[in-house]
Amino acid sequence: MASSVPDEALVELGSTGGGAGTLALLVRDQDTRRLLLLRAVLDAVDAADPAVCPAERKARLREDWAMLAEADRAPSPAATPRPPGGRHSPGAPRPSAAHPGPPGAVHPPSAHHHPPGAVHPPGAVHPPGGALSPARARIFHPLTGPWALSCLRGLDHRERSPDGRGARRLRQDLAHFSAVAAVAAARAGIPFAVRLTARAGVLTLPSLGSLRTAAPGDAPVGLGHRDGRLTFRQSGVPDVVVHLESGIGAWSGALAWTSAHALPGLLPDAAPMPLDDLDPYRGAPGPRHRTLGGPATLDDADRKRWLQAWSGTAAALRTGGEQRVTEASALLRCLVPLERPPGAGADGRDSCSATRHEAFGALLASPPQDAVALAATVVHELHHAKLAALGDLVTLHHAGSEARYFAPWKTAPRPYDSLLQGVYSHLALAEYFQRRALVTPPPDAEYAWSRHARYRAQVAAALPALVASPDLTVPGRRFVDEMAAAYERMAEHPAPRDHTVRAQAYVKAARALWTQRHAPALPRPKG
């Protein structure tokens, strides 16, 4: 997709900043790509061989898409308020059966060929006023991206496994789209009655919660909606009634139901921040990186810890400059809790975090130690997200994938693109902690200076390789030169000498060990 990036945006982003217009450019482009990705899924389903995607499954997808399109046009009604105590009152009347009419009956089958609101051009992905329809809220939710890619892998004959697991995963993927459409329709106030399919005994409705089914495996579940009430029907067990809440979650007195959770908005007037420990697509496919914990399921103590850290995150971000709050407000859409990393110590200080290119707006992280640690994680990971989104808009370099560069934060050689990502995020952390050191009293300032000195020394060791590359494009050169200028500006407020000496000694030792291990086997750099 051809796009241009204004020079001022490259300058802002290269200096680890980004005004509201630049951040909006990244967001609009990522959301447009999500619509195109969904269109690719629909086209792939249409073109799929009946042995891979039978006619009845294609027909169901068309019905789901019609319901999603209807939800895109409908205003969202107010949700049913939660009763005192947060659970359904024992004496409350049970809701009546949901409307039995067919989903999306007012739309022809061909409606699935057009994304919701397709009358809007790509530059108008978000309607005037900034409010997203229930359908767009679900499509643009970060974890819809991994779902769409999983569908495309399942529909690609080159990626099918001979043992049949791929066929089952594709069935699960397409069944999940029915749940996504049902959530959008319920949020839009559309009455419906549909048949959904649980996955391994759990039916997840994104942003609402999950139902533990009476039958194990991929069991069928009937779902009806009317007036903010969802009714789940299963064979041989009583109905489960769930009431929508405004924003995130839905409440029920049934023990089989687990509500989705959210933290307060980052700022007082912001929407709640989803803390998603239910979505089946929150974990990356394939082998997990050795330094990352797996997706976590939270208990009350875990959620309290997240709330305590999150409640101070906006203030901690602001000590590093107002721009850190601005970028978090613009780019961060959900938090995905991870387990603590493998081999973590008992003191709780070890942590891990990540972003995923296909899940723009999601931050994956293990339980935060405190607000400052969580703020630093937000700064770190959002700069990975900013650079990845910028790389979708413009080619920054033509470097190959061979791993031959030294990075003080890694023990193995890095490819050029990985080095660029690492230097960029470390530069942002160096800038964040320097600003924090200048405005906070001891002992916070001392800790901030130590972190600043460490990150700046690491950037100093790796930045020359970025600047010297002959593979940079013209926009890439502008971007990297601005990174170098941002690094130089930090010298105006140097860290105390003891912190600088320790940081430089650390990097020197890391380089010596890396050179001893890897230098003889590295490919020779270009002429």
Residue pairs, Cβ under 9 Å, 6 or more apart or interchain, first in segment 13-27 and free of Cβ contacts under 8 Å to residues at least 24 places away in the same chain, second in a loop (DSSP other than H, G, I, E, B). List them.
G21/P6; T22/V5; T22/P6
I'd like to verify a number: residues in segment 374-402 that are surrounded by fewer than 17 Cβ atoms within 10 Å (Cβ to Cβ) and among the hydrophobic types (A, V, I, L, M, F, W, C), how many?
0
List the residue pairs whose Cβ atoms are under 8 Å apart, where the first residue sits in segment 382-405 and is over 24 Å from A519 (Cα atoms), the second is charged (D, E, K, R) and open to solvent by less than 10 Å² (accessible area, probe 1.4 Å), and the two are 6 or more positions apart or on different chains.
L382/E327; K386/E327
From the list A503, A512, exactly one residue is exposed (fewer than 13 other Cβ atoms within 10 Å of the Cβ), of a type in the set (G, A, S) and closer than 23 Å to T411 by Cα. Which is it?
A512
R324 touching a Phe, Trp or Tyr at 6+ places or on another chain (Cβ under 7 Å) and either of a type in the set (K, R) or closer than 26 Å to A412 by Cα (or both)
yes
Of all residues in segment 478-491, how many are open to solvent by 60 Å² or more (accessible area, probe 1.4 Å) and farther than 13 Å from L13 by Cα?
2
Out of the residues in segment 4-27 meeting the condition of being surrounded by fewer than 21 Cβ atoms within 10 Å (Cβ to Cβ) and either in contact with a His (Cβ under 8 Å, 6 or more places away or on another chain) or β-branched (V, I, T) (or both), tell me which one is farthest from G361 (Cα to Cα).
V11
Test: residue in segment 440-452 that is aliphatic (A, V, I, L, M) and modelled with pLDDT of 95 or more:
yes
P475 - would you say it is outside any helix (DSSP H, G or I), open to solvent by 20 Å² or more (accessible area, probe 1.4 Å), farther than 22 Å from H380 by Cβ and not charged (D, E, K, R)?
no
The residue that is least open to solvent (accessible area, probe 1.4 Å), considering only those in segment 70-90 that are closer than 13 Å to A186 by Cβ and modelled with pLDDT of 70 or more, is A71
For residues that are among the small types (G, A, S) and either touching a residue at least 24 places away in the same chain (Cβ under 8 Å) or not in a loop (DSSP other than H, G, I, E, B) (or both), scanning just segment 42-69, find the one that is most open to solvent (accessible area, probe 1.4 Å).
A47
Going through segment 272-294 one residue at a time, which ones are at pLDDT below 95 and either outside any loop (DSSP other than H, G, I, E, B) or over 18 Å from S210 (Cα atoms) (or both)?
A284, P285, G286, P287, R288, H289, R290, T291, L292, G293, G294
Which number in (1) modelled with pLDDT under 95; (2) farther than 28 Å from D239 by Cα marks the one condition that P146 misses?
(1)
For segment 268-292, how many residues are under 16 Å from the mean Cα position of the chain (by Cα) and either acidic (D, E) or open to solvent by less than 10 Å² (accessible area, probe 1.4 Å) (or both)?
4
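The values are calculated or read from the model by the stated rules, or taken from the named source; none is laboratory data. As the structure is a prediction and not an experimental result, all values here were calculated from the model. Please note: Cβ atoms are built from the backbone with ideal geometry, for glycine as well, and neighbour counts cover all protein chains shown. To get the accessible areas, we keep the full protein, side chains included, count just its heavy atoms, and leave off ligands, DNA and RNA. Shrake-Rupley method; radii C 1.70, N 1.55, O 1.52, S 1.80 Å.
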